[in-house]
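Structure first, then comments.
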């Protein structure tokens, strides 16, 4: 297992770090002179959006949870993942989950810092998210989408992103084609595919 600690996002500093990490990933291929401005704008928007999604307010439940992978002994965020909580927990239909599956959750926004890729952090985040979704939030099925031709770097090797998810128990219940330039493949895992919390790097009682 990689040398990281995984916990629920809790502090303002972690929130800012996650937003910056996602901005860097989103604009990784942008070499224009406007790239830095785009990243700053994206990060600012993600801070507010993530804050709203992961907190409850009067009349509105918490809709998502965000897990972060930290460098042990520090507050440095090396990676993150979001969980859209199941309808059984929020009372609201979950975007990305097939209609009618009230116990389904959705995993998305898996990002690992560029210098830390190829070390198993993404897979560790996925395992922790699956465990939390099932054992803390009562999900019975877990969903995500990948681009059919999407490839990611793992160390010096290029691999298909769907292979990473399938290594965590995800499989294709069906194929979907959307009216976009990219074909998205729906992947699903069951609660039985999720590890126990004890078998992951998740730490429940860390202070944010």
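The values are calculated or read from the model by the stated rules, or taken from the named source; none is laboratory data. Everything numeric in this text was worked out from a predicted model, so none of it was measured. Ideal geometry is used to build each Cβ from the backbone, glycine not excepted, and the neighbour counts take in all protein chains shown.
A few remarks follow.
- Candidates 85, 78, filtered to the one that is crowded, with 20+ Cβ neighbours inside 10 Å and closer than 23 Å to residue 4 by Cβ: 78
- Within the stretch 1-23, residues that are at negative phi and free of Cβ contacts under 8 Å to residues at least 40 places away in the same chain reach no partner that is buried (at least 21 other Cβ atoms within 10 Å of the Cβ) and in a loop (DSSP other than H, G, I, E, B) with beta carbons closer than 6 Å at six or more positions or on different chains.
- Residue in the stretch 19-39 that is touching a strand residue (DSSP E or B) at 6+ places or on another chain (Cβ under 7 Å), within 22 Å of residue 203 (Cα to Cα) and either at pLDDT 95 or above or surrounded by fewer than 19 Cβ atoms within 10 Å (Cβ to Cβ) (or both) present: yes
- For the stretch 1-10, a tally of residues being modelled with pLDDT under 95 and either assigned to a helix (DSSP H, G or I) or closer than 20 Å to residue 62 by Cβ (or both) returns 1.
- The stretch 137-158, subset outside any loop (DSSP other than H, G, I, E, B) and modelled with pLDDT under 55, residue nearest to residue 98 (Cα to Cα): 152
- Considering residues of the stretch 97-111 that are out of contact with any helix residue (DSSP H, G or I) (no Cβ under 6 Å at 6 or more places or on another chain) and part of a strand (DSSP E or B) only, the residue surrounded by the most Cβ atoms within 10 Å (Cβ to Cβ): 104
- Residue 61 modelled with pLDDT under 95 and touching a helix residue (DSSP H, G or I) at 6+ places or on another chain (Cβ under 8 Å): yes
- Among the conditions (1) free of Cβ contacts under 8 Å to residues at least 60 places away in the same chain; (2) within 23 Å of residue 144 (Cβ to Cβ), residue 113 misses just one, which is (1).
- Matching residues, the stretch 69-96, being more than 17 Å from residue 132 (Cα to Cα) and assigned to a loop (DSSP other than H, G, I, E, B): 71, 72, 73, 74, 75, 76, 91, 92, 93, 95, 96
- Filter result for residue 125 (outside any helix (DSSP H, G or I), touching a strand residue (DSSP E or B) at 6+ places or on another chain (Cβ under 7 Å) and either modelled with pLDDT of 90 or more or crowded, with 16+ Cβ neighbours inside 10 Å (or both)): no
- Taken together, the criteria place residue 183 among residues that are at pLDDT 55 or above, over 18 Å from the mean Cα position of the chain (by Cα), more than 28 Å from residue 115 (Cβ to Cβ) and surrounded by 12 or more Cβ atoms within 10 Å (Cβ to Cβ).
- Summed over the stretch 18-44, residues that are farther than 30 Å from residue 102 by Cβ and part of a helix (DSSP H, G or I) total 17.
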